[in-house]
Amino acid sequence: MDLLDTPDAMTNWARGRERHGVIGLVPTMGFLHEGHASLMRRLRPLCDHLVVSIYVNPLQFGPGEDLDRYPRDPDGDMAICRREEVDAVFMPDDLYPDGFATQVAVHGLTDRLCGAGRPGHFEGVTTVCARLFGLTRCRVSTFGEKDFQQLMTLRRMVEDLALPVRIVPAPLVRDRDGVALSSRNKYLSDTERRRAATLHRALFALADAVDEGETDVASLVRDAGAAVDSDRLEYLEVVDARSLAPLERIGDAPARALVAAHYGTTRLIDNVAVGAPLSWS
């Protein structure tokens, strides 16, 4: 496994391999866990050369967010990458050159939900991913359904810009207590962790209610919101799975129930599919 610590090193590595097979990329901010490992396993059969990038991207953190205290464990990250037989780890100290002046923005999909509460966040995500796609020469990349709005935004970005990268969704991975895996879970106290389990329970109950015939979104959201135990419920919505537009009733189109909630200083997100399944073709 190769460790690449500069953009030039990454580009040179990729140039030597793109002619001899497909490069796949798993972009991460490190502090890797089983959710990240599942992304590596998801992508491994789809590429010849598997790259994992580890970079805490400052562009996607707003004022007062947890950039400085974002968890880091480079030795543990490398151990997981070796275990998953990654071909190269791209771990630069800095990803952007002096004078970097470009921003990639996907409007519409990013205006609401996490985009409303974190101004500039998705511009940071799309910009860093566009740069990573260029540096790694990847032709396939995977993102987890846990960050559903991010996944749909990046799929729109590569489609709109005709980038030669296939975005592959990967299922959300949960811990034994049902809480969605996240690097930020380490911030939770034992009490906060127990309360955080109400997020997925509320979402699953909402999905069950839809399966039983409930179609009124206001009623679904009211009941689910009452079941969430958090310090602050930032949003709980049911949206069209493709456009992320809010719904009033569950119809024949695929939908998604999404939630963001705060526990102390920790912000968690979760989601479940609702109604008709979403085709990823």
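The values are calculated or read from the model by the stated rules, or taken from the named source; none is laboratory data. Keep in mind it's a predicted model, so treat the numbers as computed, not measured. We place every Cβ from the backbone using ideal geometry, glycine too, and count neighbours over all the protein chains shown. Ligands, DNA and RNA are excluded from the accessible area calculation, which covers all protein heavy atoms including side chains. Shrake-Rupley method; radii C 1.70, N 1.55, O 1.52, S 1.80 Å.
Okay, here's what the table says:
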| read-out | value |
| --- | --- |
| Within the stretch 254-277, considering residues that are under 14 Å from Val217 (Cα atoms) and assigned to a loop (DSSP other than H, G, I, E, B), the one most open to solvent (accessible area, probe 1.4 Å) | Gly275 |
| Any hit, the stretch 138-150, residues being touching a Phe, Trp or Tyr at 6+ places or on another chain (Cβ under 9 Å), open to solvent by 20 Å² or more (accessible area, probe 1.4 Å) and either among the polar types (S, T, N, Q) or free of Cβ contacts under 8 Å to residues at least 12 places away in the same chain (or both) | yes |
| Subset of the stretch 181-218 (residues that are within 13 Å of Tyr263 (Cβ to Cβ), of a type outside the set (Asp, Glu) and in contact with a Gly (Cβ under 8 Å, 6 or more places away or on another chain)) | Ser182, Tyr187, Leu188, Ser189, Ala197 |
| Residue among Ala209, Ala205, Ala197, Ala162 that alone is surrounded by fewer than 19 Cβ atoms within 10 Å (Cβ to Cβ), free of Cβ contacts under 8 Å to residues at least 40 places away in the same chain and assigned to a loop (DSSP other than H, G, I, E, B) | Ala162 |
| Matching residues in the stretch 17-31 - criterion: being open to solvent by 40 Å² or more (accessible area, probe 1.4 Å) and over 23 Å from the mean Cα position of the chain (by Cα) | Arg17, Glu18, Arg19, His20 |
| Ala101 vs. criteria more than 18 Å from the chain's Cα centre (by Cα), within 26 Å of Glu159 (Cα to Cα), free of Cβ contacts under 8 Å to residues at least 60 places away in the same chain and surrounded by fewer than 16 Cβ atoms within 10 Å (Cβ to Cβ) | yes |
